[in-house]
Structure formats: C-alpha cells, structure tokens
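Here the structure is laid out as structure tokens; the discussion comes afterwards.
The values are calculated or read from the model by the stated rules, or taken from the named source; none is laboratory data. Please read all numbers here as calculations on a predicted model, not as lab measurements. As a convention, Cβ positions derive from the backbone with ideal geometry for all residues, glycine included, and neighbour counts pool all protein chains shown. To get the accessible areas, we keep the full protein, side chains included, count just its heavy atoms, and leave off ligands, DNA and RNA. Shrake-Rupley method; radii C 1.70, N 1.55, O 1.52, S 1.80 Å.
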Amino acid sequence: MNNVFTYGTLMFPELVYALTGKNFRSEDAHIENYIRYKVITSNSYEEYPAIIENSGSNVNGKLLYDIDDESLKIIDFYEGEEYKRVTRPISLSDKIPIEAFVYVWNFKYPLVKQVGWHKAFFKNHHLKYYLNQVIPMLKDDFFKQ
C-alpha cells in the first residue's frame with residue numbers, strides 16, 4: 001500500500017472516489033520547501049495546480065493513506081506526463097514526517113502562468129465539471145489502454 005500527498009484537485013474526496021471508486025483515509029498535511037502555482041490551460045474549465053521546489057515555502061494539502069496499486073496506476077494516469085511522481089517527507093501536525101508519493105511539476109512542460117491555486121475557487125467553479133466531464137473521459141481512456 002502507498003501513501004500519496006495531494007495538494008490540488010485530489011484533495012476532494014468525491015473526486016478521488018469518482019476516479020478510483022474507493023475512499024481513502026486522509027489527514028491534513030503539508031510539504032516543506034515547495035510552492036504551488038496554478039496551471040492555466042486553453043480550456044477555461046480545466047484548472048489545476050503544480051508544485052515546484054522553493055526553499056522556505058510550504059504547501060498545504062491532504063495525505064491519502066493506503067492507496068492500492070490499481071488506484072495508484074489510475075492516479076498516475078490522471079496526473080499524466082506533466083507531473084513526475086517522487087517520494088518526499090510529508091509533515092503532519094505534531095507527528096514525525098512520513099514518506100509519501102507526491103506529484104511535482106515535470107520541467108519538460110513550462111508553467112503557463114505563475115499565480116496561486118485556491119481550493120475554494122476550484123470547488124465553486126471547476127469541481128462539478130471535473131466530476132461530470134474530466135473524470136469520466138479520463139477513466140474511459142484509462143480502461144481502453
């Protein structure tokens with residue numbers, strides 16, 4: 001089983017469930033020495049963040065526990081080539097940091113615009129689109145491979 005630190009769209013349990021068909025235990029956490037940017041795409045309904053190393057910065061998110069291998073493959077597919085999966089220490093309140101997978105921006109692809117990504121804005125303006133359009137399309141593509 002694997003632990004995955006999420007800092008963007010996968011912080012929403014309903015999106016993780018729509019993607020994997022499973023609920024995972026989660027806990028508030030953060031990663032140190034990274035900064036989160038919003039990636040702007042040509043499709044105004046798609047909005048997602050990326051993180052890159054930045055000394056002294058911290059990114060808040062959720063740590064998902066006990067991700068099975070099949071779900072991890074689906075999450076890898078969801079994250080795509082824009083991200084690389086790495087192992088990093090994740091900080092939890094009042095606990096020893098735990099090693100987890102995290103998806104960091106793959107520098108082969110330039111960040112389009114460097115502005116903050118906000119969870120509340122995504123929830124209010126993009127989550128429904130992701131649940132109704134992005135995830136079903138992605139799952140179709142995943143299971144066709």
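The label-point distance for Phe77 and His118, in a model that sets each label 7 Å from Cα toward Cβ, rounds to 3.4 nm.
Please find the FRET efficiency linking Asn54 to Met137, where r is the Cβ-Cβ separation and R0 is fixed at 25 Å, and quote it to the nearest 0.05. Here the calculated transfer efficiency is 0.15. Only protein heavy atoms count here; on that basis, with a 1.4 Å probe, Leu72 has an accessible area of about 10 Å².
Each peptide among 128-135, 58-65 gets the average number of other Cβ atoms lying within 10 Å of its residues, and from highest to lowest they stand as 58-65, 128-135. Note on the chain: Rg/Rh from Cα positions, Kirkwood definition for Rh, rounded to two decimals, is 0.93. By the Stokes-Einstein formula, at 0.692 mPa s and 37 °C, segment 80-145 with its Kirkwood radius over alpha-carbon pairs has D equal to 218 µm²/s. Dipole check for the chain: with +1 at the C-beta of Lys and Arg, -1 at the C-beta of Asp and Glu, and the Cα centre as origin, the magnitude is about 340 Debye.
Go through Lys22/Lys73; Lys84/Lys128; Lys95/Lys123; Lys84/Lys139 and tell me which ones have a Cα-Cα distance over 24 Å in this structure.
Lys84/Lys128; Lys95/Lys123
Among the DSSP helices (H) of the chain, none spans at least 24 angstrom by Cα along its long axis with an average Kyte-Doolittle hydropathy of -0.5 or more; this is a geometric and hydropathy rule only. Put a dot 7 Å past the Cα of Thr87, heading toward its Cβ, do the same for Glu70, and the two dots end up 2.5 nm apart. How much net charge surrounds His126 when only other residues with a Cβ under 15 Å from its Cβ are counted (Lys, Arg +1; Asp, Glu -1)? After counting each charged neighbour, the total is +1.
Taking Cα centre as origin and charging only the Cβ of basic (Lys, Arg, +1) and acidic (Asp, Glu, -1) residues, the dipole magnitude of segment 1-40 rounds to 140 debye.
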